Amino acid sequence: MSTPPTLPRTLKSLVAAGGCLVLAVTATACDAGSAASDEKAVTVYSADGLKGEKGDGWYDRVFADFTKQTGIEVDYVEGGSGEMVQRAVREKRNTQADILVTLPPFIQQAEEKGLLTAYQPKEAAQLTGAPQDSGRKWTPVVNNYFGFVYNKKRLKTAPRTWEELLGSRYKNRLQYSTPGIAGDGTAVLIKAIHDFGGKQPALDYLGRLQKNNVGPSSSTSKLAPKVDKGELLVANGDVQMNHAQSASLPHLGIWFPARQGGRPTTFALPYAAGLVKGAPHPGNARRLLDFLLGKRAQEQVSAIGRGFTVRRDVRPTDEHARALKSLMDGVEIFTPDWADIAGNLTDHVDDWKSATGS
C-alpha cells in the first residue's frame, strides 16, 4: 500500500480547489467550511484499497460504525502511498491530515521525514507489529501481501515465472504501477531485487521487460479492471485489494512470480497507519486508530475487507479468510530490509528510471 487497493469507490467526490484532490466521505479537507475545521471530525490520508465502490469496503463499514458510536465524522483523502506522503510533506506548516495510512516503504519514509508522532495503541499487546517499545511511530492496521493479477479467461493458467513475461504475447498487454509513486509499484522493484539476487540483475530484467510494458500508472487499483476486460493480460497488485476486486471482476486471478527454476515468493505489504505530527484533531485521531485496531473492526477485515487481521486474538473462519489462506499456500514469504529500502528509495527509483527509460 499507495495503495490489497480501481477498487470501486462510490463515496468518492473529486474536488479541485486550490490544487487539492480530495475523496470525501462526509466533507472535503480542502473546503474551509468543511467538517475538517470542526472538533467532531478526523481526516484520514490513505493509500487506496480498503474502500469499496458501492460503499461496501472495510473503510466504509468501520468509518460508519465509528461515526455512529462517537459522532465524529471521517474526512477521507485517497491516493498512491508516495502521493499521500508527498502531500503531507507539502502541508507540514499547515497540517490537514490526522492519520496517514500507506504501504511500506512509504510509512517508514513518513517517519523519517518527521511526519508522525508516537502513539501506542490501547491494545498493543494483541497486535502483530504494534510499536510498543520499539520507538517506531506507526502500526499495521490490515495485513496484506504483494502479488500480481492475470486474466483467467484469456490465459488458461497464470504465468509461472518472471521470464515468461518477456515473451511476445505480453507485448503491450502488461503494466505495473510506478515505483516511487505507488506502494505496489515500488513493491515490483523490491520483489525483483530479492528474486534476482540484487539490484543490478533486477534492473537488467526490468529494463528488458520494458518493451512489453504499456507505461506508467500512478494507481495500482486502476490496473485490475483493465486485466479483467482483457486490455491487459498481467498487472501488479496486492492480495487484499485484488481479492476484493475479484467480487466484481470475475476474470481476475492472483499469482506470484518465481524465478525460472525457483519457488513463487512474496512479502508482507501491510496498510500501516501513523498519527500525523501537529494534527488538527489528535484526540479524534487516537480514538479512530484504536477503533480500527479494535476486535470488532479486525473481525471484519477478512469478511468485508478481504484482508488479513493484525490481531493475535482474531482467528477468522469466514469464506474469504479460507480463500486467502489457500492462496498463500506454497508461497515463500521473505522480509525486505525496509530500513535500507526507505533510506535509499530515491536512489532505487532513479536507478529504475535509468534502467527502463521511464
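FYI, it's all coordinate maths here, none of it is from the lab. Nothing here was measured: the structure is a model prediction, and the numbers come from that model. Note that each Cβ is placed from the backbone with ideal geometry, even for glycine, and that neighbours are counted across all protein chains shown.
Quick check: residue separation of residue 124 and residue 303 times 0.36 nm, minus the Cα distance between them. What number comes out in nm?
62.2 nm is the gain from fully extending residue 124 to residue 303.
Taking H placed 1.01 Å from N in the peptide plane, check which residues at least 5 places from residue 57 or on another chain put their amide H under 5 Å from its amide H.
HN-HN under 5 Å from residue 57: 52.
Taking the Cα atoms of the chain, what is the range of coordinates along each of the three principal axes, in descending order and whole Å?
57, 42, 40
Could you order the peptides 257-266, 147-156, 270-279 from most to least packed, using the average number of other C-beta atoms within 10 Å per residue?
Highest to lowest by the protection proxy: 270-279, 147-156, 257-266.
Show me the ranking of peptides 160-166, 237-243, 87-93 by mean Cβ neighbours inside 10 Å, starting with the highest.
Ranked by mean Cβ neighbours within 10 Å, highest first: 237-243, 160-166, 87-93.
State, to one decimal in nm, how far the label point of residue 172 lies from the label point of residue 333, with both points 7 Å from Cα in the Cβ direction.
Inter-label distance under the simple model: 4.0 nm.
Taking amide H atoms as placed 1.01 Å from N in the peptide plane, list the residues 5 or more away in sequence, or in a different chain, whose amide H sits under 5 Å from that of residue 271.
141, 142, 144
Can you tell me the alpha carbon radius of gyration of the range 164-209 divided by the globular rule-of-thumb value 2.2 N^0.38 Å?
Cα Rg divided by the expected 2.2 N^0.38 Å: 1.15.
Students often get this wrong, so check it: of 152/222; 199/325; 51/113; 152/199; 113/137, which have C-alpha atoms separated by over 20 Å?
From 152/222; 199/325; 51/113; 152/199; 113/137, over 20 Å: 199/325; 51/113; 152/199.
Report for the chain the percent antiparallel among DSSP-assigned beta bridges with both residues inside it, nearest 5.
60
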